[in-house]
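J.: The structure that follows is given in the form of structure tokens.
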Amino acid sequence: EKGGYKHFMAKEIAEQPAVLGDALQHYLTDDGLNLPSDLDFSNISRLTLVACGTAFYACSVAKYWFESLARLPVEIDVASEFRYREPPLPTDSYAIFVSQSGETADTLAALRYCHEKVAKTVAVVNVPSSSIARESDIALPILAGVEVGVASTKAFTCQLLVLASLALKAARDRGHMTEAELKQHMEELRILPGLLTRALDLDETLNIVSNDLSEARDVLFLGRGAMYPLALEGALKLKEISYIHAEGYASGELKHGPIALIDSHTPVIVFAPHDPLFDKTVSNMQEVMARGGKVLLVSDRKGLEIASEGVWQTVQMPEVPDLFAPILYAVPAQLIAYHTAVAKGTDVDQPRNLAKSVTVE
Ligand code: F6R
């Protein structure tokens, strides 16, 4: 049932081009986006996105999309904080709950809190028969197929795809995107499975790098813009399956404290596609190197041409449209965690202390 792979996690990472393809086929049709027409973003004042763990990082990426494409104010929170914070919610707002299992206790409680307070509750789930799907006004399946590995991988990229489609719809509904621009962004999404396949070809490169990483006691991940939540996701993946202490930071936050951690034993993994924020991230990366830090730079051909000097290791990713880079860069984040854990000999699919579905708070 592992289909020739050593672990479910490896199989599920490799399945991403195929399951993303399924989700694309469902949500992007020749006529446009296939999303419920009563999910109309034109007159809402705010969007609230709530989830736990990896699903929360998917929400954190989506915040950048909803804000930049649809000019829609977005609040995000982890469900365990949201539910007890009992925040005031505008009645003309939507709340979206993202959950692979659809059974996470805190996310379900957050959903129940929102009933009757917001105009609509929306579930983005992998299990259509789950409590969160059943109790929401609208349930959108992510179509990732069964995910067995405790570390979420293909569910994350499929969550991102559904959230990206929603952000495009919001942009159209709110008059911030022309039909032609929508078509162009849909094309950008459609090329993702091919790009992910190419990123998966980096498996052996990342395997070699991960051998060194497995010796580290601490690892830092850096990113800017929508790459910041990806840095958080990379750190979560690494700590949960390899048990190496890892932290993700917004690169600009480094000098406000964490840079004190930098020494020659602490690898710093930088996710930096050559986008408008590239130069800023590179200058943070250089601050790390100036303090003896060893940097693993994950970028594209252009980025590596500019910034490889003095870098410990480079990983060359395919070029990708700026907006959807987080979906592609999830692959190296996952493969680094996977190979590092395998090198350490941990139980990759069933890491200690963790359960696939957290149905108690
Ligand atoms: C990390 C991971 C967890 C889950 C979190 C939410 O790899 O799997 O952080 O993302 O427990 O679970 P769901 O999505 O089922 O609500």
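Read-outs: derived from the displayed coordinates by stated rules, not from any lab. Given the structure is predicted, the values throughout are model-derived calculations rather than measurements. Because the Cβ atoms are built from the backbone with ideal geometry, glycine has one as well, and the counts that use them run over all protein chains shown.
J.: Could you name the aspartates and glutamates in cross-link range of Lys237, using Cα to Cα under 13 Å and dropping any fewer than eight places away on the same chain?
T.: Glu247, Asp349
J.: Among Ala79, Thr29, Ala95, whose Cα lies farthest out toward the positive end of the dipole of the stretch 1-149, if unit charges sit on the beta carbon of Lys, Arg (+1) and Asp, Glu (-1)?
T.: Towards the positive end, the residue furthest out is Ala79.
J.: Related question: For the chain, with a Gaussian network of springs between Cα atoms less than 10 Å apart, report the residue from Phe278, Phe56, Phe156 with the top mean-square fluctuation.
T.: It is Phe278.
J.: Report the relative contact order of the chain, percent, no decimals, based on alpha-carbon pairs under 8 angstrom and at least 6 residues apart.
T.: Working: 720 pairs, mean separation 68.9, N = 361.
After rounding, I find 19 percent.
J.: Between 0 and 90 degrees, rounded to the nearest ten: what's the tilt of helix 227-242 against the longest Cα principal axis of the chain?
T.: The angle comes out at about 70 degrees.
J.: Please report how far the C-alpha centroid of the stretch 105-140 lies from that of the stretch 209-281, rounded to the nearest whole angstrom.
T.: Measuring centre to centre over Cα atoms gives 33 Å.
J.: Please list, in order, the residues from the stretch 273-313 whose amide nitrogen is less than 19 Å from a point placed 7 Å along the Cα→Cβ vector of Glu319.
T.: From the stretch 273-313, the list is 273-279, 298-308.
J.: While we're on this one: Using the Cα gyration tensor of the stretch 1-101, with a ≥ b ≥ c the square roots of its eigenvalues, what is the shape: rounded (a/c below 1.5), prolate (a/b larger than b/c) or oblate (neither)? Kindly include the intermediate steps, with their values, before the conclusion.
T.: Values: a/c = 2.82, a/b = 1.43, b/c = 1.96.
It is oblate, given that a/c is not under 1.5 and a/b is not larger than b/c.
J.: Return the percentage of antiparallel bridges among DSSP beta bridges fully within the chain, rounded to the nearest 5 %.
T.: Working: 2 of 41 bridges.
Taking every DSSP beta bridge within the chain, about 5 percent pair in antiparallel fashion.
J.: Given the stretch 253-361, what count of lysine pairs have C-alpha atoms under 19 Å apart, with each pair 8 or more places apart or on different chains?
T.: Numbers: Lys255/Lys280; Lys255/Lys294; Lys280/Lys294; Lys280/Lys302.
For the stretch 253-361, the number of qualifying lysine pairs is 4.
J.: What FRET efficiency would be calculated for the residue pair Leu354, Val146, taking the C-beta separation as r and a Förster radius of 22 Å, to the nearest 0.05?
T.: E(calc), rounded to 0.05, equals 0.80.
J.: In addition: Give me the extension gain from Asp38 to Glu67: residue separation times 0.36 nm, minus the current Cα-Cα distance, reported in nm with one decimal. Please list the in-between numbers first.
T.: On the way: separation 29, 0.36 × 29 = 10.44 nm, distance 2.09 nm.
Between Asp38 and Glu67, full extension yields an extra 8.3 nm.
J.: Under 8 Å for C-alpha pairs, at least 6 residues apart: give me the relative contact order for the stretch 99-200, rounded to a whole percent.
T.: Details: 102 pairs, mean separation 18.5, N = 102.
Relative contact order, the stretch 99-200: 18 percent.
J.: Checking the cross-link filter: which aspartates and glutamates have an alpha carbon closer than 13 Å to that of Lys63, excluding same-chain neighbours under 8 positions apart?
T.: Once the sequence-local aspartates and glutamates are set aside, what remains near Lys63 is Glu75, Asp77.
J.: Let me ask another. In the chain, if the dipole is taken from +1 on Lys/Arg beta carbons and -1 on Asp/Glu beta carbons about the Cα centre, which of Phe324, Val209, Val358 is farthest to the positive end?
T.: So the residue we want is Val358.
J.: So if we plug the beta-carbon distance of Asn211 and Gln184 into 1/(1 + (r/R0)^6) with R0 = 45 Å, what FRET efficiency do we get, rounded to 0.05? Before the final figure, lay out each step's value.
T.: Details: r = 41 Å, r/R0 = 0.91.
After rounding, the FRET efficiency stands at 0.65.
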